[in-house]
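The values are calculated or read from the model by the stated rules, or taken from the named source; none is laboratory data. Here the structure is a predicted model, which means the values were calculated and not measured. Counting neighbours? That spans all protein chains shown, and the Cβs are built from the backbone with ideal geometry, glycine included.
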Amino acid sequence: MPSRDIKLLSTTATLVVNKDFSDELIRIFLKKVKEVHKRKSLFEAENQFPNINNIEIDMNEEAFRYFTYGDTFLEKIFPYWIASNLDRLKILLIPLLTLMIPLFKGVFPLYRWSIRSKIYRWYDEVQDLDLSLEGLSKEELVEKLKELEKLKQEIKEETKVPLSYMGEYYDLIMHLELIISKVNIKISSN
């Protein structure tokens, strides 16, 4: 080692590939070359090789982009294979969003319908019981009252709805209570 810094004259190493070489492979290759040569050595400073200084031949567009901007946002977060696939998928993003908007518009009414159907499916039974009350004897009314109480308990156990639909749930319970009170009045009047 010389006792003082001496400037040396030497050739510059250049990486060259064929024009048909894949842009993705160029990016991976440059990434690995930078990783291997990033440390300082006897003849080079840290991160000195590879670089875009003193290039006399046409530079590949992808290589220039890599040297200028470095890793893409996705490559900083994900491994290269995931980042490159996500980068390719961005072309499909606009058509995908175009398809998703009508689907989202349909999801909310479908959700609303599914929650309401949990409540409204009981109304058939409630209506059948209500219509069957006419012209019954006291013993038959007592049996119908037991059926109504059993139905009310079954509804409470099986029907779970979000808070925003509790008004409709309590309407169902209120209608059932109305029929129960109607039966109780008929029983007490007989």
Taking the range 149-181 on its own, how many of its residues are aliphatic (A, V, I, L, M) and at pLDDT below 90? 1
Considering the range 37-90 alone, what residues qualify as being in contact with a helix residue (DSSP H, G or I) (Cβ under 7 Å, 6 or more places away or on another chain) and in a helix (DSSP H, G or I)? Glu62, Ala63, Tyr66, Leu74, Glu75, Tyr80, Ala83, Ser84, Leu86, Asp87
If I filter the range 154-172 down to residues being more than 17 Å from Leu131 (Cα to Cα) and of a type in the set (A, V, I, L, M), which single residue comes out as farthest from the chain's Cα centre (by Cα)? Ile155
Tell me which residues, restricted to the range 33-78, are of a type in the set (Asp, Glu) and over 44 Å from the mean Cα position of the chain (by Cα). Glu44, Glu56
Yes/no for Lys150 being loosely packed, with under 13 Cβ neighbours inside 10 Å, among the charged types (D, E, K, R) and within 28 Å of Ile115 (Cβ to Cβ): yes
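If you go through the range 137-168, how many residues are in contact (Cβ under 8 Å) with a residue 12 or more places away in the chain and under 22 Å from Ser189 (Cα atoms)? Show your work before the answer.
Taking the range 137-168 and keeping what is in contact (Cβ under 8 Å) with a residue 12 or more places away in the chain, we get 137-138, 141-142, 144-145, 147-149, 151-152, 155-156, 159-162, 165, 168.
Within this subset, residues satisfying the condition of being under 22 Å from Ser189 (Cα atoms) are 137-138, 141-142, 144-145, 147-149.
Total satisfying the criteria: 9.
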Kindly evaluate Glu62 against the criterion of being in contact (Cβ under 8 Å) with a residue 24 or more places away in the chain and acidic (Asp, Glu). yes
